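The values are calculated or read from the model by the stated rules, or taken from the named source; none is laboratory data. These figures come from a predicted structure and were not determined experimentally. All Cβ positions, even for glycine, are placed from backbone atoms using ideal geometry, and neighbour counts span all protein chains on display.
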Amino acid sequence: MNEALQKYVEKANQVQAARQRYIREEVKKWRFDTIAVHGTYSVSEAIENNQGAIIEPMFLSTAQAYRDCDEMEAALTYQIPTWGYTRIHNPSHGYLKDTLALLDGYNTGVETGCFVAASGIAAIAATVHPLLAHKNGETVNFVACAQIYGGTFQLFNVRWMEEQGIECRWVADPNNLDEWKSKIDKNTRFLYGELPSNPGLSFFDLKKVCDLAHEHGLPFIADSTVATPALLRPIEHGADIVVHSVTKTMSSGGLTIAGAVIARKNMVCNIPNDALKADFAMYCMLWPNRDFGGSLSPLHAILVLNEIRTLRTRIDVLSQSSMKVAKFLEQHPKVAKVNYLGLESHKLHELAKKYLWLVDAKYDAQYGKDINRFGHLLSFSPKGGMPASRQVLDGLKRIWLATDLGRIKSSATLPAISTHQQMGEEARTLAAIPGDLIRLSVGGEHPDDIINDLDQALSKVK
């Protein structure tokens, strides 16, 4: 290494050390809300580098310029921090990923990293791809809970199994540890689950499944899109990797598409790749995700960051409204079944209570103690089967008929004809998604108005 290049490396190491010291000694001591509001963007950075801008700057640039060839060489051989090209990274991405890593790692005592992607499904694809890498003739498989988002099912079942010949072994009952165990062998690469699940509100004992994965030297991947770190931080319970469709609950405004992967450093893994295990998020960002090109728009990164600032408060309000709506539906004479983990009648209610807590409620002047919250998503089946479900949805006036969820505006859909229709009836049966199931994502409207809209739509069912 020549002298000029060495100076760039030494300077970068000093800057990185100072940044890590700031995060360790300042940021990690903050409460959840403060991290969500500020992330790692400091007053000194704003004044020294960004003309005092209070809000993180948006870098709408495709590429980074360098002072000379030595700096370029040091950067593009990853000897110094760089973003280089927005397909690899971007400073706006950095503000978002630092914040998300800290929120999902909040109070866990675990060092976490994060990379962001163009969508939730892009984040999932970017996560599982390096874990499924194999040599010619080598057989690999992975084990996944069947109660997952329809797009994830399609990715696993079609793109990997049918097209690539990599077997996904489905678990029908995620609370049956013996079923998980029966699917694992020497060629298994990871275990995967979604909780709470979309749309059936399935849940499982996360710690037990993570412990099982680790007994076999495997990482566990948790999709925590519906809960967000405001209610559940899977890494705290042993998960190695957490994936989010940030499009959904975290950025409820409905203006952005984004995905995120948060991973513990030095994670459990049976792949002989030290860089991958040491910092999975960084490895994916610098190598596989760079090569596949599923990069997030810097504009969307900053829009998402602004949505996240109020995440805990928003989730609290939406959860309380959802509980009120669920109780109304549970008592309605034209409703056959309601799935909401907050209802005592739900078979998984006690298990969900073990894991789903509003973060920092005990420090809140309003509560002053730990409290359970169960999120914004519920599902129900009206009496009368599919015809009645269609009639209810067609009769809604204020609740939007749309496939999205986690919005500040309430929305509803029939998963069997929309988000999960590509799975086919057999797979939907495996995933416990009946044809008449209505998924309802409760938004920020007053719950009385949501209830009134549901009531008038249900009243039209014969």
Self-check item: Neighbours by Cβ (under 7 Å, 6+ apart or cross-chain): first from segment 388-406, on the phi > 0 side of the Ramachandran plot; second outside any helix (DSSP H, G or I) and surrounded by 17 or more Cβ atoms within 10 Å (Cβ to Cβ)
Solution: 406/248; 406/252; 406/376; 406/441
Quiz prompt | Residues satisfying the stated conditions in segment 28-56, i.e. at negative phi, without any contact (Cβ under 8 Å) to a residue 60 or more places away in the chain and of a type outside the set (A, V, I, L, M, F, W, C) | solution = 29, 34, 38, 41, 42, 44, 45, 48, 49, 50
Exercise. Quick one: which strands (runs of 3 or more DSSP E) lie wholly within segment 193-298 and hold at least 2 residues that are surrounded by fewer than 23 Cβ atoms within 10 Å (Cβ to Cβ)?
Key: none
Quiz item: For residue 310, all conditions in the list (1) β-branched (Val, Ile, Thr); (2) in contact (Cβ under 8 Å) with a residue 60 or more places away in the chain; (3) crowded, with 17+ Cβ neighbours inside 10 Å hold save one; what is the number of the exception?
Solution: (3)
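So is residue 427 in contact with a Phe, Trp or Tyr (Cβ under 7 Å, 6 or more places away or on another chain), outside any loop (DSSP other than H, G, I, E, B), at pLDDT below 95 and outside the structural domain of residue 251 (by TED's automatic domain parsing) or not?
So residue 427 fits the description; yes.
Just a yes or no: is a residue in segment 107-114 over 30 Å from residue 154 (Cβ atoms), without any contact (Cβ under 8 Å) to a residue 60 or more places away in the chain and crowded, with 17+ Cβ neighbours inside 10 Å?
Residues of segment 107-114 over 30 Å from residue 154 (Cβ atoms): 107-111.
Pick out the ones that are also without any contact (Cβ under 8 Å) to a residue 60 or more places away in the chain and you get 109.
With crowded, with 17+ Cβ neighbours inside 10 Å added as a condition, the list becomes none.
No, that holds for no residue.
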Practice problem: Please give the number of the condition residue 84 fails out of (1) modelled with pLDDT of 95 or more; (2) on the phi > 0 side of the Ramachandran plot. | Solution: (1)
Exercise. Only residues in segment 265-283 that are of a type in the set (A, V, I, L, M, F, W, C) count as the first member; pair them with residues that are in a loop (DSSP other than H, G, I, E, B) and exposed (fewer than 15 other Cβ atoms within 10 Å of the Cβ), Cβ under 7 angstrom, at least 6 apart or cross-chain, and list the lot.
Key: 268/217; 278/266
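Per-residue answers, yes or no, for (1) loosely packed, with under 15 Cβ neighbours inside 10 Å; (2) basic (Lys, Arg); (3) over 21 Å from residue 317 (Cα atoms):
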| site | (1), (2), (3) |
| --- | --- |
| 359 | no, no, no |
| 368 | yes, no, no |
| 373 | no, yes, no |
| 392 | no, no, yes |
| 413 | no, no, yes |
| 424 | yes, no, yes |
| 430 | no, no, yes |
| 435 | no, no, yes |
| 447 | no, no, no |
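In segment 313-338, what residues are outside any strand (DSSP E or B) and either small (Gly, Ala, Ser) or closer than 17 Å to residue 436 by Cα (or both)? First the steps, then the outcome.
First pass over segment 313-338, keeping only residues outside any strand (DSSP E or B): 313-334.
Passing the criteria: 319, 321, 322, 326, 329, 330, 332, 333, 334.
Go through segment 21-42 and report how many residues are in a helix (DSSP H, G or I) and surrounded by 12 or more Cβ atoms within 10 Å (Cβ to Cβ). Talk me through it step by step, then tell me what you get.
Step one: filter segment 21-42 for residues in a helix (DSSP H, G or I), giving 21-25, 27-29, 32-38.
Still in the running and surrounded by 12 or more Cβ atoms within 10 Å (Cβ to Cβ): 22-23, 27-28, 32-38.
Residues flagged as in a helix (DSSP H, G or I) and surrounded by 12 or more Cβ atoms within 10 Å (Cβ to Cβ) within segment 21-42 amount to 11.
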Quiz item: Do we find that residue 10 is closer than 30 Å to residue 249 by Cα, outside the structural domain of residue 284 (by TED's automatic domain parsing) and of a type in the set (D, E, K, R) in this structure?
Solution: no
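Table: residues versus (1) modelled with pLDDT of 95 or more; (2) over 27 Å from residue 251 (Cα atoms); (3) assigned to a helix (DSSP H, G or I).
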{"site": "44", "(1), (2), (3)": "no, yes, yes"}
{"site": "66", "(1), (2), (3)": "yes, yes, no"}
{"site": "74", "(1), (2), (3)": "no, yes, yes"}
{"site": "79", "(1), (2), (3)": "no, yes, no"}
